[in-house]
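We did not get these values from a lab; they are worked out from the coordinates using the rules stated. Since the model is a prediction, treat every value here as computed from it, not as a measurement. Counting neighbours? That spans all protein chains shown, and the Cβs are built from the backbone with ideal geometry, glycine included.
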Amino acid sequence: MTVEFLQKLLKEGEGFTVEFKECINALNNSVFETVCAFSNRYGGHLLLGVRDDGEVLGVNPASVDGIKKNFINMLSNPQTITPTLFLSLSETEYGGKIVLYVYVPVSSQVELLSGRLFDRNGDADVNITNAGDLAAQLIARKTGMFSERKVFKYVTPNELRLDLMPLVKQLALSRNEKHPWGKMSDMDILKSAGLYEEDWNTGEKGFNLAGILLFGRDDVIQSCAAGAVTDCLLRRENLDRYDDRLIVETNLIEAYDRIFEFIEKHTLDRFFLIDGLSVSVRSRIAREIVSNSLAHREYTSSYRSRIVIEQDRIVTDNWSRAQFLGPLDPDNFTPRSKNPIIAKFFVNIGRADELGSGVRNLYRYTRIYTGGAEPELIEGDVFKTIVPLVSVPVGDMGDKVADMADIMADMADILTVVEREFLEKLMEHFKESEWIDNATARDVSQKSPTSVKRYLSRLAELGILVTSGENKGRRYQLAEKYRA
């Protein structure tokens, strides 16, 4: 949060979407009442270290880390917040004092705090647990806002890909080693994530559209969601049709990987030193493009989402429920998720950050990748994203890679025939991309996973390839002396 935006909130004062809490040394229960109320109404901005009248008192610096940690732990505990929320506090210095801030997005589901129901009325958080009419109005409002909440009562666990659960747990624990999903059963995870629920209007219980999109079999997804298709195109030489195409019609967990790999396959990788670490900025950009495309589209429309890689940019478009019309201003916008359940699930498994961070990350990494150019995000019935890339002139990619003869001049007596054939196929890939990973090497070479791993390790030992990353994130690049 910028100082300018903080000043704006302080000037406006408390209201439906703004709340101040003192919390100088610790959190209090009213913080979580506000989080629930914001989630159940319009969303809102919560500031800690500020008195009700807007005077900034500041959070005790010695208490900041403890408050931030406790905030995360309380919201991720299903015994406290149901469904669980995954938000985090950020720090802003104002007048030499620390203010902690979080934007709480509106939830597509009814949020409960220890079994109690809170709504926002002006600048107050109101317990409406036993207020029948008010509770019914809140439930009706929620049900009509988000199509991802539609319950399909005839879908059973047999129609779901529960074989994906080990991967989901692994991803969640990689993000947070104490993540509660690590010790939950499959069904408890589905309920905790809000993918199995009870429709309070009809009394029906079942898996909702979000659960089907994330875990459904391909045939079930296509039956329930007309818009669950992503058409990925490469248009670099054949501008009328395409040079490469991938149509993705599967669950969002596997769809993410397939689309991510398509973008990596057809764009140049660039590494920069960020916060002391060598970072693949291209991968960071791809992550934001894919997670945004999958988590924030309207799936009830038959409009087919597209991701088109062109010579110097990536263009995406998907059907949306517009909040306004026109370009999005990254410095002055209120983030609103089209599918909060799906977006929250992506945050849990580390494939997205908290709401609003993705836009800021996309701008940050695009500037780094291109040397200053910025993306465009245009809101409308069709949401469009234009991300500039480092231009790849048609036919010039091969100039970045030395000829196979240069390597054979050094390695003729060392490489076996099979290793040489494997390397020749990799060289064709290196004409289009600086990096290759195990999965891509398997596709390129048509070799078994075991063979690919052995050949890549062998070429790295010989100094033909250099590696970056570890385990599943490991990638390979031609050694510098073999790059033209």
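The Rg/Rh ratio for segment 205-307 is 1.05, where Rg is the radius of gyration of the alpha carbons and Rh is the Kirkwood radius.
Taking chymotrypsin sites (Phe, Trp or Tyr not before Pro) across segment 1-93, the ones in a DSSP loop with at most 15 further Cβ atoms lying within 10 angstrom of their Cβ are Tyr42. Using the Stokes-Einstein relation with a Kirkwood hydrodynamic radius computed over Cα pairs, the translational diffusion coefficient of the chain at 4 °C and a viscosity of 1.567 mPa s comes to 53 µm²/s. With a simple spin-label model that places each label point 7 Å from the Cα along the Cα-to-Cβ direction, the separation between Glu421 and Thr80 comes to 6.0 nm. With respect to the chain, whose longest principal axis is taken over its alpha-carbon atoms, helix 29-40 is tilted by about 70°. The distance separating the Cα centre of segment 272-290 from that of segment 44-120 comes to 28 Å. Taking 0.36 nm per residue of separation and subtracting the current Cα-Cα distance, fully stretching the chain between Asp312 and Ile274 would add 11.3 nm.
Computed from backbone phi, the HN-Hα couplings of segment 455-464 come to 5, 5, 5, 5, 5, 5, 4, 7, x, 6 Hz, rounded to whole numbers (Karplus: 6.51 cos²θ - 1.76 cosθ + 1.60, θ = phi - 60°; Gly and Pro given as x). Per-residue 3J(HN,Hα) values for segment 306-320, derived from phi via the Karplus relation 6.51 cos²θ - 1.76 cosθ + 1.60 with θ = phi - 60°, read 10, 10, 10, 9, 10, 4, 9, 6, 10, 10, 10, 8, 8, 5, 9 Hz in sequence order (x marks Gly and Pro). Counting 0.36 nm for each residue step from Lys8 to Leu162 and taking away their Cα separation leaves a gain of 50.8 nm. Computed from the alpha carbon positions, the gyration tensor of segment 1-144 leads to an equivalent ellipsoid with semi-axes of 26, 17, 12 Å, biggest first. Summarising the label geometry, the points placed 7 Å from Cα in the beta-carbon direction at Asp244 and Lys481 lie 3.0 nm from one another.
Using the Cβ of Val452 as centre and a radius below 11 Å, the other residues enclosed give a net charge of +4, where K and R count +1 and D and E count -1. Pick out, in residue order, every one of the GluC sites (Glu not before Pro) in segment 1-86 that is DSSP loop and has at most 13 other C-beta atoms within 10 Å; say none if there are none. Listed in order of number, the matching sites are Glu55. In loop segments of segment 159-268 as defined by DSSP, the trypsin sites (Lys or Arg not before Pro) with at most 15 further C-beta atoms inside 10 Å of their C-beta are Lys178, Arg241. With Rh defined as the Kirkwood radius, the inverse of the mean 1/r over Cα pairs, the Rg/Rh of segment 228-388 is 0.93. Over the chain, dividing the summed -39,500 (n - 2.57) contributions of all DSSP H runs of at least 4 residues by the number of residues returns a 222 nm mean residue ellipticity of -11000 deg cm²/dmol.
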